[in-house]
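To keep things clear, I will list the structure first and then write my remarks on it.
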Amino acid sequence: MSDDFANDVAEGLSATPKTLPSKYFYDAAGDDLFIQIMDLPEYYLTRAEMEIFREQTDSLIKALGQRPEKPFELVELGAGDGQKTFHLLKKLLSDGYDFTYVPVDISANVLEHLKNFLKKELPDLKIRIEQGDYFKRLKGLQETAQPRVILYLGSNLGNLTDEKSKAFMEKLSRRLTPGDRLVLGVDKKKSADIVLPAYNDSKGVTAAFNLNLLTRINRDLGGEFKLEQFRHAPEYDEENGIAISYLESLVDQDIIIGALDRTFNFTKGEKIKVEISRKYDLPIIRKIIADTPFEIETVFKDSQDLYLDIVLLRD
Ligand SMILES: C[S@@+](CC[C@H](N)C(=O)[O-])C[C@H]1O[C@@H](n2cnc3c(N)ncnc32)[C@H](O)[C@@H]1O
């Protein structure tokens, strides 16, 4: 991980414009901050998806197309704290389904918490945790004879450009068997007055979450970022439905990163792109899956029409 991190930071900060991959937000401090973000009044995404998982659990289970007596794997990409999935797991167990839950996450810390939480709350659950980057772990998906349901929630897909989403969905579909299903949770395209506050809350938790990436570079790679000389600066392109989080340099400055043996120059106002959060509607999703064997089977919405959980069948 440290080598990957060093290479990705070197590559991202050498690019024009500068970028850093959002997957590195999630160290122990980042995991904690993200849990706080999910509780913020402005961050409607988690509450909307949670409502779908809590209030429509039976319909969701029906849409997964599994039979209780036939074992299957429930694989979750980027599982995080698993709080939404918990409703599904609990109901699947009480309905007598025979399944193994496989949460995949880049954060070892988050997986350890999740495992302990589920052991306590659902002692009968069969669980196999897999730590790593899910883009790299897709290969492992081939090695099972059981049918699979993949959960990809939290609008994680939205951290990719549409081009990369297409490639990812195509790769994922090739690892699946006809009849497998993917539950894709995505944030709906909507106006800036709702979206922007979700990435710029009044308590500054999202700012701290984004700036933590610089703290992580300082700690793990001997970086010399001064956090007070950067600010979190999110933007939202309402027409195209794309939110982008930047870290903006407040002064002209040179930053040494010891482990890379490099100095990076920043001009005042220069921005590092740290995350995109794409917003969707069904036509956008149809375009993304157009060249894949996925087809839209069932669509779940929350009561305020903010969010979608889409069940895709692998033909
Ligand atoms: C936005 S959180 C969503 C968590 C949860 N799925 C939810 O909906 O609440 C993203 C989670 O995905 C994980 N993650 C992000 N990029 C990843 C990657 N490339 N590979 C594996 N896990 C990743 C993070 O560690 C984090 O736990």
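The values are calculated or read from the model by the stated rules, or taken from the named source; none is laboratory data. Just so we're clear, the structure is a prediction, and the values are computed from it rather than from any experiment. Positions of Cβ are generated from backbone atoms using ideal geometry, with glycine treated the same way; all protein chains shown enter the neighbour counts.
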Would you point out the residue of region 124-162, among those that are touching a helix residue (DSSP H, G or I) at 6+ places or on another chain (Cβ under 8 Å) and among the polar types (S, T, N, Q), that is farthest from the ligand (Cβ to nearest atom)?
Gln142
Does Lys115 satisfy the condition of being over 15 Å from Lys23 (Cβ atoms), in the same structural domain as Ile61 (by TED's automatic domain parsing) and within 13 Å of the ligand (Cβ to nearest atom)?
no
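So, in region 1-29, how many residues would count as being among the small types (Gly, Ala, Ser), within 13 Å of the ligand (Cβ to nearest atom) and out of contact with any Asp or Glu (no Cβ under 9 Å at 6 or more places or on another chain)?
Total satisfying the criteria: 2.
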Go through region 262-315 and tell me which strands (runs of 3 or more DSSP E), entirely inside it, have 2 or more residues that are of a type in the set (Val, Ile, Thr).
271-278, 294-301, 307-314
When the residues of region 151-198 are filtered to those that are within 20 Å of Glu239 (Cβ to Cβ) and assigned to a loop (DSSP other than H, G, I, E, B), which remaining residue is farthest from the chain's Cα centre (by Cα)?
Ser191
Name the pairs whose Cβ atoms lie under 7 Å apart, with the first residue in region 170-184 and of a type in the set (S, T, N, Q), the second crowded, with 23+ Cβ neighbours inside 10 Å and at pLDDT 95 or above, and 6 or more positions between them or separate chains?
Ser173/Phe294
Output for Cβ contacts, cut-off 7 Å, separation at least six or different chains, first residue under 16 Å from Gln36 (Cα atoms) and free of Cβ contacts under 8 Å to residues at least 60 places away in the same chain in region 194-220, second of a type in the set (A, V, I, L, M, F, W, C) and in a helix (DSSP H, G or I), reads Leu211/Leu227
Might you check whether a residue that is out of contact with any Ser or Thr (no Cβ under 6 Å at 6 or more places or on another chain), farther than 24 Å from Leu160 by Cα, away from the ligand (no atom under 16 Å from the Cβ) and modelled with pLDDT of 95 or more occurs anywhere in region 185-197?
no
Can you pull out the residues in region 116-143 that are in contact (Cβ under 8 Å) with a residue 12 or more places away in the chain, exposed (fewer than 15 other Cβ atoms within 10 Å of the Cβ), more than 15 Å from the chain's Cα centre (by Cα) and assigned to a loop (DSSP other than H, G, I, E, B)?
Asp124, Arg128
If Gly222 passes every condition in (1) in contact with a His (Cβ under 7 Å, 6 or more places away or on another chain); (2) on the phi > 0 side of the Ramachandran plot but one, which one does it miss?
(1)
Please go through region 212-227 and give me each residue that is within 21 Å of Arg262 (Cβ to Cβ) and within 22 Å of the chain's Cα centre (by Cα), ordered by number.
Leu213, Leu214, Thr215, Arg216, Ile217
Assess whether Asp32 counts as being at pLDDT 95 or above, within 12 Å of the ligand (Cβ to nearest atom) and not assigned by TED's automatic domain parsing to the domain that holds Ile150.
yes
